[in-house]
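Asker: Handing you a structure now.
Nothing in this text is a laboratory measurement; each read-out follows from the coordinates by a stated rule. As the structure is a prediction and not an experimental result, all values here were calculated from the model. Neighbour counts run over all protein chains shown; Cβ positions are idealised from the backbone, glycine included.
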Amino acid sequence: MAAIPKEKPSRIEEERAQFARYKADVKARGKPFYPYAMFHDTIMSLVVVAVIIGLAAIWKWTSYGPHHDPTHPGLLGPEVTAPADPGTTSFVPRPDWYFYFLFYLLRIFKWPESVFLGTVGIPTICLILLFALPFLDRRRERRISARPVAMVAGVLTILSMAVLTWKGATAHEALASEVIADVPSWIQKEHLPPAAVPGAKLFATAGCTACHTYAGAGGSNLGAPDLTAIGSRHLGISFQIRHLQCPSCVNPGSPMPHFASLGYKRLHELAVFLEASKGVH
């Protein structure tokens, strides 16, 4: 009589059998995750929290100073520093060190059309691949020599992050905008009077060219107009100052930010420059 062939076990049955073998192996040669590994993780977490609390206490107590001065430099720095100047034109914003890689990535993808790729596209793709890796690679092999593709990808990722972080940390930023080099050509092309030169330099360093274009420099974002010949409209110094102080008050719905923090003197310099800009000759 012919033997009846055994039915092939289903995937669920195979996984249950594999889990049973794992439990038997742990019972025979190792320790389960709970409570042993979980206990070690709990102790280490408490140590990390204790170190953070200790550093915070040292920073707070040593920076208080003998005369209760919060600006007194303690072991880990002062409690508070000088208040920020909202009207500064020389401050170059920089992120925390763990975002230096993204900071330098933006220097590579600096064109408006590619900013989305550098800020959202590449990081999102990398995160998706990282989350999908356990589901894509389910082999039990853990030897490095048997996983060349995964190891090469991991090494390249670590190296690229390290290089971008280092480049971002050592990147030199000029105190003034890079557009400041265009000011002499503006003066020549526009025949600007000496009274308009301070406003031209302020226009270049205050970030105006991030949205506006002037004599071919800058970018056109959010529909910001070209200001090369804004003076030919004869809007007047008073109007320019009021518009800079509160753009949405003068032009309802304007997305342009307020520049009242620059102060009246610098707003007047900008207004003189804008009114003197009659177009490139």
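Asker: Show me 254-263, 193-202, 34-43 ranked by packing, highest mean number of other Cβ atoms within 10 Å first.
Answerer: In descending order of packing, they fall as 193-202, 254-263, 34-43.
Asker: Could you sort out which of 189/265; 110/189; 201/278; 110/278 sit more than 19 Å apart by Cα distance in this structure?
Answerer: Result: 189/265; 110/189; 110/278 exceed 19 Å.
Asker: How big is the stretch 7-55 along each principal axis, measuring the range of its Cα positions in Å and listing the largest first?
Answerer: Per principal axis, max minus min of the Cα coordinates gives 64, 22, 10 Å.
Asker: Now for a different question. Please give the peptides 117-124, 102-109 ranked by average Cβ packing (other Cβ atoms within 10 Å per residue), highest first, as a rough proxy for protection.
Answerer: Top to bottom by mean Cβ count within 10 Å: 102-109, 117-124.
Asker: Kindly point out which whole DSSP H helices in the chain project their C-alpha atoms 30 angstrom or further along the helix axis while averaging a Kyte-Doolittle hydropathy of 0.5 or above.
Answerer: Long hydrophobic helices here: 38-63, 148-170.
Asker: If you don't mind, there's one more thing I want to ask. Return the calculated 222 nm mean residue ellipticity for the chain, to the nearest 500 deg cm²/dmol, obtained by summing -39500 (n - 2.57) across DSSP H runs with n ≥ 4 and dividing by the residue count.
Answerer: After summing the helix terms and dividing by residue count, I get -15500 deg cm²/dmol.
Asker: Check the straight Cα-Cα distances from residue 31 and name the lysines below 29 Å, setting aside those fewer than 8 residues away within the same chain.
Answerer: Answer for residue 31, where 29 Å is the Cα cut-off: 23, listed by chain and number.
Asker: Given H placed 1.01 Å from N in the peptide plane, which residues other than close sequence neighbours of residue 79 have an amide H under 5 Å from its amide H?
Answerer: Excluding prolines and chain starts, which carry no amide H, the hits are 72, 74.
Asker: Further question: Once a ≥ b ≥ c are taken as the square roots of the eigenvalues of the Cα gyration tensor of the chain, is the result rounded (a/c under 1.5), prolate (a/b larger than b/c) or oblate (a/b not larger than b/c)?
Answerer: Because a/c hits 1.5 or more and a/b exceeds b/c, the chain counts as prolate.
Asker: For the modelled label position 7 Å from the Cα of residue 29 along Cα-to-Cβ, which residues of the stretch 129-171 have backbone nitrogen atoms closer than 16 Å?
Answerer: In the stretch 129-171, the label zone of residue 29 (backbone N under 16 Å from the point 7 Å along Cα→Cβ) covers 140-143.
Asker: Kindly identify the stretch 86-173 as rounded, prolate or oblate by the Cα gyration tensor criterion: order the square roots of the eigenvalues as a ≥ b ≥ c, call it rounded if a/c is under 1.5, otherwise compare a/b with b/c, prolate if a/b is larger, else oblate.
Answerer: Here the stretch 86-173 falls in the prolate category.
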